[in-house]
Each structure stands twice: as C-alpha cells, then as structure tokens.
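Visitor: Input: one structure, supplied below.
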Amino acid sequence: MKTISQSNAKKRLFKIVDAKRLNKRSREFKLVADAINEKRKRIDTVWTTGSSWKYSTLINETKTVSSILTQIGIEFKVQNDAPRGGKTGEHLVLTTKIKATKEYEKIEA
C-alpha cells in the first residue's frame, strides 16, 4: 500500500492551485482538502441541487476530483453503492494511506 504524508499532499495540492489549474474556493478543492485533513477513505463526488425531483440537478465531480488526486499522487478506486448502480452512488475510495505529521496545519477551505 502506498503512503503519503499530510504535509507532502498539502504541498502538492497548493502547487496545483498556484499553477491556476484549481481554485481554492471550488468544491473540488474542498473535497480533496477534507480528505487530506481528516484522512478520510471515501469521497462522495456526486450530489443534487434543487428543491424537488422536478427542479433538481445532478452534479458529478468524479472526473475532476480524480484528476486532482492523480496529480497529487494519491491512488483511489471508483465505486458505486447505489442499489441499481445509479449515478448518485458514485464515490472514490482512497487506497493510499495518508500519514499524520506533527507540524501539520489544516488546509483552510
């Protein structure tokens, strides 16, 4: 199993931000930052917006979050937990272990 430290992952994430390929205020940044800060194994990348089934939109950020994780060097698997394999069940499961460091400051998203 591959491992990466929190501080190293944070440095790589901010290199992407500094290169203007990612905005610090975007949802994708917040999802990746939360995974690094809290050492989560699962990232839910699909959600809905709107007030009812009639006026709702499905937002899928799987491709963009997966490309960011690949650039950082974090390995993952795309899985689905929907009962019939629907799009709303897509999520990423991290296979890379994120090690905690003593001097680590959390990423403010």
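No value in this document is a laboratory result; all are computed from the given coordinates. It should be emphasised that the depicted structure is a prediction, and the values quoted were computed from it without experimental measurement. A quick note on method: Cβ atoms are made from the backbone with ideal geometry, for glycine too, and the neighbour counts reach across all protein chains shown.
Visitor: Select from I74, I16, I98 the residue whose mean-square fluctuation is largest in a Gaussian network model of the chain (Cα-Cα springs shorter than 10 Å).
Guide: The residue with the greatest mean-square fluctuation here is I16.
Visitor: Moving on to the next point. Suppose we look only past 19 Å in the calculated P(r) of the chain. What percent of the Cα-Cα pairs does that tail hold? Present the calculation step by step, with values, prior to reporting the outcome.
Guide: Details: 2719 of 5886 pairs.
Of all Cα-Cα pairs in the chain, 46 percent lie more than 19 Å apart.
Visitor: Could you work out [θ]222 nm for the chain from helices alone, using -39500 (n - 2.57) per DSSP H run of at least four and dividing by all its residues? Round to the nearest 500 deg cm²/dmol.
Guide: On the way: 3 runs with 36 residues, N = 109.
Using -39500 (n - 2.57) per qualifying helix, the result is -10500 deg cm²/dmol.
Visitor: Only counting other Cβ atoms within 10 Å, I'd like V93, V46 sorted with the fewest neighbours first.
Guide: Details: V93 12, V46 17.
Ranking V93, V46 by Cβ neighbours within 10 Å, fewest first, gives V93, V46.
Visitor: Beyond 31 Å between alpha-carbons counts as too far, so tell me which of K20/K54; K20/K102; K15/K54 fall in that bin. Spell out each step's value before the answer.
Guide: Working: K20/K54 36 Å; K20/K102 29 Å; K15/K54 41 Å.
Among K20/K54; K20/K102; K15/K54, the Cα-Cα distance tops 31 Å for K20/K54; K15/K54.
Visitor: Within the range 61-99, report the trypsin sites (Lys or Arg not before Pro) that DSSP leaves as loop and that have at most 12 other Cβ atoms within 10 Å. Working shown, then result.
Guide: On the way: sites: K63, K77, R84, K87, K97, K99; in loops: R84.
Loop-located and lightly packed - R84.
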